[in-house]
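Peer 1: Before I ask anything, here is the structure I am working with.
The values are calculated or read from the model by the stated rules, or taken from the named source; none is laboratory data. These numbers come from a predicted model, not from an experiment. Please note: Cβ atoms are built from the backbone with ideal geometry, for glycine as well, and neighbour counts cover all protein chains shown. For the accessible areas, the whole protein counts, side chains as well, though only heavy atoms, and no ligand, DNA or RNA atoms are used. Shrake-Rupley method; radii C 1.70, N 1.55, O 1.52, S 1.80 Å.
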Amino acid sequence: MNSRHTETSLVWGHSALRVVIAISPDGVVSIRELGTGDPGPRPPAQPLVEVLLAGQGRARASHRFSDTAVGRRFTYVGAEQVRDGQWHELRVTVRDEQTGLEAHTHLRSAEGVPAVRSWTTVANRGTGEAVVLGVTSFAAGFPAGSAGGLQVVRADSEWLGESRWRVRPLREEMADLNLPLHGQDGRGRLAVTSTGTWSTGQHLPTAGLLDPDSGRAWLWQVEHNGPWRWEIGERRDGAYVALLGPTDIDHQWHAVLAPGESFTTVPASLAVSSDGLHGAAAALTAHRRALVRPHPDRARLPVVFNDYMNTLMGDPTTAKLIPLIDAAADAGAEVFCIDAGWYDDDGDWWDSVGEWQPSQTRFPRGIEEVLSHIRGRGMVPGLWLEPEVIGVRSPMADKLPAEAFLQRRGTRIVEHGRYHLDLRHPAAVAHLDEVVDRLVEQLGVGYFKLDYNIDPGAGTDVDAASPGAGLLACNRAHLAWLEAVLDRHPDLILENCASGAMRMDYALLSRMQLQSTSDQQDPLRYPPIAVAAPLSVLPEQSASWAYPQPDMDDERIAYSLCTGMLGRLYLSGHLPTMTGAQRDAVGAAVAAYRDIRSDLAEAVPVWPLGLPGWDDPWLSLALTTPDHTYVGVWCRADERATASLSLPHLAGRQVGVEVVYPRHLPAWDGEWDREAGRLVLTKPVSGPSARILRVSPVSSSSSD
């Protein structure tokens, strides 16, 4: 390869994606083109793989996962292309002759979807030990005219304040250093990391780069239920992106590879578009649908009633549940989930959980009576479960061996009164399998809300070169356990929850069926979370609470219900004590949702008012299908107010606008600007209000 005097290239892709791999005259490999067919400006020659070794470091001093010494030296060995059903696959192999390290980059893309999944396997083909401190899952240059015009889209997250997106110029995140004048690449970078096991507890692993001038956009997600890192940096000739799982500098992770051993990174996915943020969001949405595990829930999308939020709050009893079950069934719910507390006898259960035996005091005739009543009302019974933890007062804390828990230097890790199971150990797996199989096979549970309320930190040093390496192995063991559960119980529905949405990643969501988006109890603060969710979660997996209450007026009840309707309608609330009219309003929302849900499972998101701000008075999410656009609009202003919603995909067309919900309340005033593709809405009532609308093109011969 080093004898060549001209650059060569390898072209790979399909009808919706074109990837060009460039091989320089000295054999260095980079992605020259990654898009939908328009090559655009040439991106920086960012090496395809970056590997940071303890004995090699970086080629020049910086804080980056770019310009590593080994990454610069990797040269092309070969490539292989295969087809696996809908998936196109490319494997590119590079080698560093100095260390004997070999790297295999895997690219995988679904036919017709402009997105790619990427991961790297590093193998030690040398004669000495290799101490690996970080490996990129994906690395490439972004094809922008100038880095100065780029925008970064990213989100912070927090318990009760999840998915707070912002779009800012790259120049506000990084200084303009005039790198061409200096003749060197930069040393800094915008690096966003997540530590521990709350993969979305501080920031989201979904982010992107936008070029407003050309419309080119990349959106990516790191698909890991543990630590990760993404970074953007500038080179003299443009910007690069590097996506990684755990690293030494961020997560106390390193791997030691003896000759013949290998390490595989966590996967990451990247969607591309020439149509800006909305185009990239549509591409990533299609890619996620290709990733997720087949399951009957994907077609059914049942309405779930959960007794927790602003209702029983972890204090279920037979007497409280029976009327709630009846009211949920009357409203049209199809799953009834009993949340936390069903295993508790003394009211102080936080640090005693882990055995998962039903309470006898809460259910004097057994929980079987309640579960049977749920089934008798035509609903699937569900239970809350926090499988990965064992309370320090739990009987299981002494029944399981010490090796079945995460440890540091022989001491079990304790967080908020809980030990954390190590699912690499067969005793831990056997315990959880016994719990799940007993509850499913003996009690007939068909739905689990799998919660996760602690973060054990950097990891475990048991059977691991580093705490981070131990944690990565545990993260992967958790995924294997979930796969095995669904293999045994293919109709079982699993909800992903972690104190709301502290672990909202596609390592888990490619396996589980729906995602709790928040624990937010304030109905006025929930809409920005629900509106933002489809940028990082499929609409049909995005479960936002709708918790109407008897003390709400009619507009507040509708406002709360609308929050859950453009995703997975996730009901709660004291329905039994509502008036007949209030219960009718809830039932109408469920009926309306059941009428549109099959469309939502094929829709792609757009944001007619832009990505939501936490304090914005107006918020809007639209889900588009070939035939309809479903528009949710929330106004938090007290007074009469007007908003102009941008729907450019309908520009130039006449449309009909109908109310999906609520139809029993006063209609908002609406005016369609056909030329501009804008729907101008006026809220005529005082106080917070919300509507779900269906906007549909009509032929010129149809009546308006």
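Peer 1: With only alpha-carbon atoms in the gyration tensor, what are the semi-axes of the equivalent ellipsoid for the range 98-246, in Å, largest first?
Peer 2: Working: eigenvalues 134, 97, 55 Å².
Here the semi-axes work out to 26, 22, 17 Å.
Peer 1: So what are the ³J(HN,Hα) numbers for the range 511-521, from phi and the Karplus equation (6.51, -1.76, 1.60; θ = phi - 60°), rounded to whole Hz, Gly and Pro as x?
Peer 2: 10, 8, 9, 8, 10, 5, 8, 5, 9, 4, 8
Peer 1: Also, quick follow-up: Counting alpha carbon pairs within less than 8 Å and at least 6 residues apart, what relative contact order, in whole percent, applies to the range 84-211?
Peer 2: 18
Peer 1: Oh, and also: Determine which residues of the range 243-272 fall in the zone a paramagnetic label at R409 would reach in this model, i.e. backbone nitrogen under 18 Å from the point 7 Å along Cα→Cβ.
Peer 2: 252-253
Peer 1: Which value in Å does the Kirkwood hydrodynamic radius of the range 464-544 take, with 1/r averaged over all unlike C-alpha pairs and then inverted?
Peer 2: Details: mean 1/r = 0.0711 Å⁻¹.
Computed over the range 464-544, the radius equals 14.1 Å.
Peer 1: What does the C-alpha gyration tensor say about the overall shape of the range 225-274? Classify as rounded when a/c is under 1.5, otherwise prolate if a/b is larger than b/c, or oblate. Mind dumping the intermediate values first?
Peer 2: Values: a/c = 1.98, a/b = 1.82, b/c = 1.09.
Prolate, since a/c reaches 1.5 and a/b exceeds b/c.
Peer 1: Could you check the spin-label model distance between E675 and A480? Points 7 Å from the Cα along Cα→Cβ, value in nm.
Peer 2: According to this spin-label approximation, the distance is 6.4 nm.
Peer 1: Using θ = phi - 60° and the Karplus relation 6.51 cos²θ - 1.76 cosθ + 1.60, list the HN-Hα couplings for the range 531-543 in order, rounded to whole Hz, with x at every Gly or Pro.
Peer 2: My calculation for the range 531-543 gives 5, 6, 3, x, 6, 10, 9, 4, x, 6, 9, 8, 9 Hz in order.
Peer 1: Sticking with this structure for a sec: Between the range 1-77 and the range 463-515, what is the C-alpha centre distance in whole Å?
Peer 2: 32
Peer 1: Specify the inter-centroid distance of the range 370-405 and the range 586-626, based on alpha-carbon positions, in whole Å.
Peer 2: 34
Peer 1: Might you report the magnitude of the Cβ-based charge dipole of the chain about its Cα centre, with Lys and Arg at +1 and Asp and Glu at -1, to the nearest 20 debye? If you can, show how the numbers build up before the last one.
Peer 2: On the way: 64 positive and 87 negative charges, 327 e Å.
Roughly 1580 debye, rounded to the nearest 20.
Peer 1: Further question: Please compute the Kirkwood hydrodynamic radius over the range 275-405, one decimal place, Å, based on all pairs of different Cα atoms. Write out the running numbers ahead of the final one.
Peer 2: Working: mean 1/r = 0.0578 Å⁻¹.
Evaluated on the range 275-405, it is 17.3 Å.
Peer 1: Measure out, as a whole number of angstrom, how far apart the alpha-carbon centroids of the range 199-242 and the range 117-151 sit.
Peer 2: Centre-to-centre (Cα) distance: 13 Å.
Peer 1: Another question about this same structure. With label points built 7 Å along Cα→Cβ from the Cα atoms of E7 and Q442, find their separation and express it in nm.
Peer 2: In this crude label model, E7 to Q442 measures out at 6.6 nm.
Peer 1: How high is the FRET efficiency from E369 to A59, r the C-beta distance, R0 60 Å, rounded to 0.05? Before the final figure, lay out the partial values.
Peer 2: Working: r = 69 Å, r/R0 = 1.14.
That pair, E369 with A59, gives E of 0.30.
Peer 1: Just going by the charge dipole of the range 71-209, with Lys and Arg at +1 and Asp and Glu at -1 on Cβ, which of G128, V82, V167 is farthest out on the positive end?
Peer 2: V167
Peer 1: Give the carbon-plus-sulfur fraction of the accessible surface of the chain in %, rounded to a whole number; probe 1.4 Å, heavy atoms of protein chains only.
Peer 2: Values: 11660 of 24610 Å².
Accessible surface attributable to carbon and sulfur in the chain totals 47 percent.
Peer 1: Ranked from the most accessible area to the least, with a 1.4 Å probe and all protein chains present, what is the order of V698, V531?
Peer 2: Values: V698 45, V531 0 Å².
So the residues, ranked largest to smallest area, are V698, V531.
Peer 1: Full-extension gain between R91 and D348, please, as 0.36 nm times their residue separation minus the C-alpha to C-alpha distance.
Peer 2: Details: separation 257, 0.36 × 257 = 92.52 nm, distance 5.37 nm.
Result for the pair: 87.2 nm of gain on full extension.
Peer 1: Moving on to the next point. Modelling each spin label as a point 7 Å along the Cα-to-Cβ direction, I'd like the T642/V82 distance in nm, to one decimal.
Peer 2: Taking the simple label geometry, T642 and V82 are separated by 6.1 nm.
Peer 1: Per residue, how much accessible surface does the chain expose to a 1.4 Å probe? Answer in Å², no decimals.
Peer 2: Working: 24610 Å² over 704 residues.
For the chain, the per-residue accessible area is 35 Å².
Peer 1: Express the relative contact order of the range 470-548 as a whole percentage, based on alpha carbon pairs under 8 Å and six or more residues apart in sequence. Intermediate values should be presented prior to the final figure.
Peer 2: Values: 73 pairs, mean separation 18.6, N = 79.
Rounded, it is 24 percent for the range 470-548.
Peer 1: Still on this structure, I have one more. Using the Cβ atoms and a cut-off under 12 Å, what net charge is assigned to the surroundings of G410, where Lys and Arg are +1 and Asp and Glu are -1? Can you show the working numbers first?
Peer 2: Numbers: positive: R408, R409, R412; negative: E403, D461.
Its environment carries a net charge of +1.
Peer 1: Once you wrap a convex hull around the alpha carbon atoms of the range 417-490, what is its projected area averaged over all directions, in nm²?
Peer 2: Details: hull surface 22.1 nm².
Averaged projected hull area, Cα only: 5.5 nm².
Peer 1: Another question, if that's okay. Sorting check: for 113-122, 59-68, 81-90, 476-485, which peptide has the highest mean count of neighbouring beta carbons within 10 Å, and how do the rest follow? It would help to have the intermediate numbers written out before the result.
Peer 2: Working: 113-122: 24.2, 59-68: 19.6, 81-90: 13.2, 476-485: 17.7.
Averaged packing, sorted descending, gives the order 113-122, 59-68, 476-485, 81-90.
Peer 1: Have a look at P205, Y593, G573 and report the one farthest towards the positive end of the charge dipole of the chain, computed about the Cα centre with Cβ charges (Lys/Arg +1, Asp/Glu -1).
Peer 2: P205
Peer 1: Karplus couplings for the range 338-352 from phi (6.51 cos²θ - 1.76 cosθ + 1.60, θ = phi - 60°), rounded to Hz, Gly and Pro as x?
Peer 2: 7, 7, 4, x, 5, 9, 9, 9, 10, x, 9, 9, 3, 9, 10
Peer 1: Using r as the Cβ-Cβ distance of H664 and V167, and R0 as 51 Å, what FRET efficiency do you calculate, to the nearest 0.05?
Peer 2: Details: r = 38 Å, r/R0 = 0.74.
The value I calculate is 0.85.
Peer 1: Let me ask you something else. Over the chain, what is the relative contact order in percent, taking alpha-carbon pairs closer than 8 angstrom and at least six residues apart?
Peer 2: On the way: 1769 pairs, mean separation 71.6, N = 704.
Relative CO of the chain lands at 10 percent.
Peer 1: Under the rule of -39500 (n - 2.57) per DSSP H run of 4 or more residues, summed and divided by the residues of the chain, what mean residue ellipticity at 222 nm is obtained, to the nearest 500 deg cm²/dmol?
Peer 2: Working: 15 runs with 144 residues, N = 704.
For the chain, the value works out to -6000 deg cm²/dmol.
Peer 1: What is the set of long-range amide H partners of G354 at a cut-off below 5 Å, with H atoms built 1.01 Å from backbone N?
Peer 2: Amide H neighbours of G354: G391.
Peer 1: Multiply the residue gap between S214 and S146 by 0.36 nm, knock off their C-alpha separation, and tell me the result in nm, one decimal place.
Peer 2: That works out to 23.4 nm of additional length.
Peer 1: Along the charge dipole of the chain, pointing to its positive end and built from +1/-1 on Cβ of Lys, Arg, Asp and Glu, which listed residue (T193, V657, G613) has its Cα farthest out?
Peer 2: The residue sitting farthest along the positive end of the dipole is T193.
Peer 1: Same structure, new question: Treating the beta-carbon of each Lys and Arg as +1 and of each Asp and Glu as -1, no other charges, what is the dipole magnitude of the range 525-681 about its Cα centre, to the nearest 20 debye?
Peer 2: Numbers: 12 positive and 19 negative charges, 61 e Å.
In debye, rounded to 20, the range 525-681 gives about 300.
Peer 1: Still on this structure, I have one more. Compute, for the range 264-322, the length of the dipole vector about the Cα centre, with Cβ point charges of +1 (Lys, Arg) and -1 (Asp, Glu) only. Units Debye, rounded to 20. Could the numbers behind the result be given before it?
Peer 2: Working: 6 positive and 4 negative charges, 46 e Å.
With only Lys, Arg, Asp and Glu charged at Cβ, the dipole is about 220 debye.
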